[in-house]
Structure formats: structure tokens, C-alpha cells
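Colleague: Sharing a structure, written as C-alpha cells. Questions coming.
Nothing in this text is a laboratory measurement; each read-out follows from the coordinates by a stated rule. Everything quoted here is computed from the prediction, not taken from an experiment. Counting neighbours? That spans all protein chains shown, and the Cβs are built from the backbone with ideal geometry, glycine included.
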Amino acid sequence: MSTVRGPRGQSRLHPIALLLASCGLAACAGNPQKPEGPADPLSAATATIDKIAPATAPLPPDRVFSSDPVLPGSGGTAPDVVVPKGEVKPRNACDQEPPDDEVRVDHARRRLEEMTCTTAMWIDGLFGDEYHVGAARQAYGRLQVSHDWSEFYGNKTRVRFNVRADFPNIKNGLSGFVGRDDSDAFLRDRGERFGLRSQFPSLEGDDAWLAGLGYSLPGNRNFRSDFRVGVRGLTSPMLFVQNRIGYIPWSNDEHLLYLRATPFWNTDDGFGFTSGFDLSKVLSDTRLLRWSNVATITQESEGVDWYSGLIHYKSLQKRRAVALEGFLRGSTEAEVPLKEYGVQTILRHPIMHARLWGEWVLGYTFPRELRSQDREGSLGIGFGLELPFGERYDD
């Protein structure tokens, strides 16, 4: 994993997720950035892809914290800002000074950052005598609201909320997550996160609250692995465990092959396994082509649930981006093995000084789930808003 300069100029490790566009078009809707000079073919490939598909939206200006003058060695969000519990309260350490020209979107983002920072510091403080202020301030996440309509599936409104935070008092490398997302896709590691962000046209998924802990194992430029354990749902909690593995076996200046595998267990599916590969090709300074494939099998399901898509990303002016995807998805033992195929396009653009992002989705697909049904064309339209917050968005 290469080292690049982030949106504020800070140096940070370049995770595999950066080049694989964890948020779909958040991948290509940012200002192109010039990474540090590549030292090997892998770095050359990731550096070129970054110019088209930086994984994060532009960050807001540096935040000013109300308590910085009383924190020894503070001065931002450095992870070494550690304070004894008696010297500061979590809320005071996380409060930010609102700017004079703060608008509603900025106010909402600031309040989300303060709440996630306070919660992360309080939870981490339960396991030690010190508060890791810098680590708590690096808690990050996103709030998403979307509405999709399909002639075949009908209407679907989603409100999704995801937060990630590190817990240094428990163990280095241990993090926590909480949010509301498509539960089946999350539990099986089937977000198709290398394709378009929107889950349209798969509107049948159910959202649920999820929470748990994650631990990143030691890795290198080509290999990454982490464990996640947690619960789904509030009224009838369901346990789950995952081991996500990613590997880059081959790359050059224009191509990159990424393999992934996720063995998992949960109380609904039993044991299961998700695997896939993604082949990316740089077409120009503003265009990227990606062939994405994923398949899942579980103890409780019949056959293999699979997806294959070809996605063309195009970076536009003024931090806008567009992507076109052709896809097929199905299940080998289903009544109709080929559930759906079609095309969809998505336009992503900044709203209100790039603090808020808008996404428009338009697609035309041919779904069929029962033999008694005729396979007819289905128009789909969707719109979503996304508000990222915090120091980083690299999950």
C-alpha cells in the first residue's frame, strides 16, 4: 500500500479500499490529486487510479476545537494526544468552535462529528485511565438518505448511517462500528462496494442496525485482512463474525487485479463464504474501466448467489463524476437462475460547497424471479444525498 497525500496534505497509508472506490462514485467525484512519485508498478497503478478515483470526498477546512488550549500537546487530531481522565471531559474535548459563516449543512456535520467523537472517547475510556483525544477526533462516517423507484420492485426509501472509531485503550488496531445498512449485504460482505454506491435496483434488501468491533491484521502493499464481530438488530439481536481478506496478485501502470475472500458465520445463514475479483484498467487521465465479480454461498441457501458488472467511471469538471454500469445477477439454484440484467448510470455532484453530495440514478433492467413471470423491461429512477463527516472516509 503506497503512501499518498490526503485532501489536507497529510501523509497517510493508501489502503486497498482507496483504489477500489468504496463509495462508488465518491471514487471519481473529487478533485484529482497528484500522489507522491510511484516507486514500483503497484504504486504506479494505484497512483494513476487515484487521479480518477480518489476514495474520499473533499474534507472541510481544519476544525478548531474549543478545548485545544488546555490539552497538553494538542494542536489538531494527532493520535498521540493522550490526557488523564481527570483533566478533561469527553464532550469538552470534542466540542468545536463554530465558524461565523456556518450554514445548516456545516452545523449538522459539526454536530455529528462532536457526537461521534464524544461517544468514541467515552467507550474507549471504559478500558483505561486515559482519554485518547486524538484517536476519538478521528472518528468518521457518513449519513445517507435516498429514494429509489422501480417499475418492478416499487418504491424504497433508505436512511443509512455509518460510523467508525478506533479504541486504543483496548488494543492497537481495534476499532468499533455502528450504523444502519442493508443487513444481508453487510453480513455476507456483499455490498458490491466496487460498483456503484447505490444499491438500486436491488430494492428488496432490508436495512437494520448493526454494531460491533473490528481488528486489522498486519498487512503489506499487496495483502490486507481484518476481522469483524458484532450484532444485527435491536429487538432480536443476531450474532455475526467475518474475516475479510484482500490481495493484489498483479498490477502494472495501467492494470490492477484485486482478489477478495470473506469467510463468515451468522445465526441466520450459518457458515458462508463470499469471494470475488476486480480487474481495473486505466483508460485515460479521467476514465477508468472496472470488471467486478462476486459470489456467495451459505449453509442455509441453495446454490450460489452471484453478480457480475462492467463499470465505466468518468471524472468531470467541478468535482462531478458519472459512471455507467452493465450488470447481471442471479442464483444458480433459484427458480429463475438469472434474476436480472440491465444497465444503470449514476451522476454524482457536490452541493453547498461540497459538504453535501447528490446522486442521480437512472437504469433500465430486465428482472424475473418466477417462471410464471414474463421478463419485461423495468425503468428505475433514484436520488440520494450523502453527508460525510470526520477526518477520513477510507472504509
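Colleague: Restrict the search to segment 105-174; then list the GluC sites (Glu not before Pro) that DSSP places in a loop and that have at most 16 other Cβ atoms within 10 Å of their Cβ.
Modeller: 151
Colleague: In debye, nearest 20: dipole of segment 257-395 around its Cα centre with unit charges on the Cβ of K, R (+) and D, E (-)?
Modeller: For segment 257-395, the charge dipole is close to 980 debye.
Colleague: Shifting gears a bit: Could you give each residue of segment 170-180 its phi-based ³J(HN,Hα) in whole Hz, using Karplus coefficients 6.51, -1.76, 1.60 with θ = phi - 60°, and x for Gly or Pro?
Modeller: 7, 5, 4, x, 8, 9, x, 9, 8, x, 10
Colleague: Something else about it: Using alpha-carbon positions, what is the distance between the centroids of segment 302-328 and segment 93-135, in Å?
Modeller: Result: 35 Å between the Cα centres.
Colleague: Can I ask one more? If you take the beta carbon distance between residue 220 and residue 97 as r and set R0 to 30 Å, what does 1/(1 + (r/R0)^6) give as a FRET efficiency, to the nearest 0.05?
Modeller: The formula returns an efficiency of 0.15 here.
Colleague: Can you sort 177, 167, 366 from fewest to most other Cβ atoms within 10 Å of each residue's own Cβ?
Modeller: The most exposed by this proxy come first: 366, 177, 167.
Colleague: Once R0 is set to 22 Å, what does the formula 1/(1 + (r/R0)^6) return for the Cβ-Cβ distance between residue 236 and residue 157, expressed as a FRET efficiency to the nearest 0.05?
Modeller: The value I calculate is 0.40.
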